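The values are calculated or read from the model by the stated rules, or taken from the named source; none is laboratory data. Treat the numbers as computed from the prediction; the structure is a model and nothing was measured. Don't worry about glycine lacking a Cβ; one is built from the backbone with ideal geometry, like all the others, and counts go over all protein chains shown.
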């Protein structure tokens, strides 16, 4: 029987008894700490890349020449803003689908991380990539139309989306507990 322990942020964390390394058990504090460190490093790098897009935009601003007529640029701008808006909406849905396990299941031969942490990392990296793409749309619009408002607005939206999808320990713990409940309901003892 696992023993209960309180984590720093008040979330109850169940820790398996000594020596009982479970494939589908509740995540341990050590696994959670290592997983969060890796996820935070990836998140920070992807967030920093959004800042790089802003820096690149400022560096190339003086040499940019617009070669597109206003009507074509207006159409491209409308399309990219629409794609950015749709990306914002579907990011949350895709993340939920991956975390729920309703998507395609992949079987691995060796498990190096807790299964809940693997699923969480996949969902978060997809969410971050989609959020980061909004900043790329801003840079693209800036390069096509030399409008700093497009650059700043879409970079800001991208950074806010990345911030809302930052790694959270409570989400990982909840996912781990849900996967344990599902395996216990399915008749698999842990």
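Name, by its number, the condition in (1) closer than 30 Å to residue 34 by Cβ; (2) at pLDDT 85 or above; (3) touching a helix residue (DSSP H, G or I) at 6+ places or on another chain (Cβ under 8 Å) that does not hold for residue 93.
Just one mismatch for residue 93, condition (3).
Has the range 96-115 got any residue that is surrounded by fewer than 18 Cβ atoms within 10 Å (Cβ to Cβ) and at pLDDT 90 or above?
Yes.
Let me spell it out: the conditions are (1) assigned to a helix (DSSP H, G or I); (2) surrounded by fewer than 16 Cβ atoms within 10 Å (Cβ to Cβ); (3) touching a residue at least 24 places away in the same chain (Cβ under 8 Å), and residue 68 meets all of them except one. Which number is the exception?
Evaluating residue 68 over (1) assigned to a helix (DSSP H, G or I); (2) surrounded by fewer than 16 Cβ atoms within 10 Å (Cβ to Cβ); (3) touching a residue at least 24 places away in the same chain (Cβ under 8 Å) leaves (1) as the failure.
Report, ordered by the first and then the second residue, all pairs with beta carbons closer than 7 Å, sequence separation of six or more or different chains, a first member in the range 78-99 that is free of Cβ contacts under 8 Å to residues at least 40 places away in the same chain, and a second member that is outside any helix (DSSP H, G or I).
97/103
Taking the condition of being modelled with pLDDT of 95 or more and either assigned to a loop (DSSP other than H, G, I, E, B) or closer than 30 Å to residue 143 by Cα (or both), how many residues in the range 1-46 meet it?
Total meeting the criteria: 6.
Going by what's in this entry, would residue 118 be described as surrounded by fewer than 16 Cβ atoms within 10 Å (Cβ to Cβ), more than 30 Å from residue 75 (Cα to Cα), at pLDDT below 95 and within 13 Å of the chain's Cα centre (by Cα)?
The answer is yes for residue 118.
Among the residues of the range 141-159, is there at least one that is within 30 Å of residue 31 (Cα to Cα) and at pLDDT 95 or above?
yes
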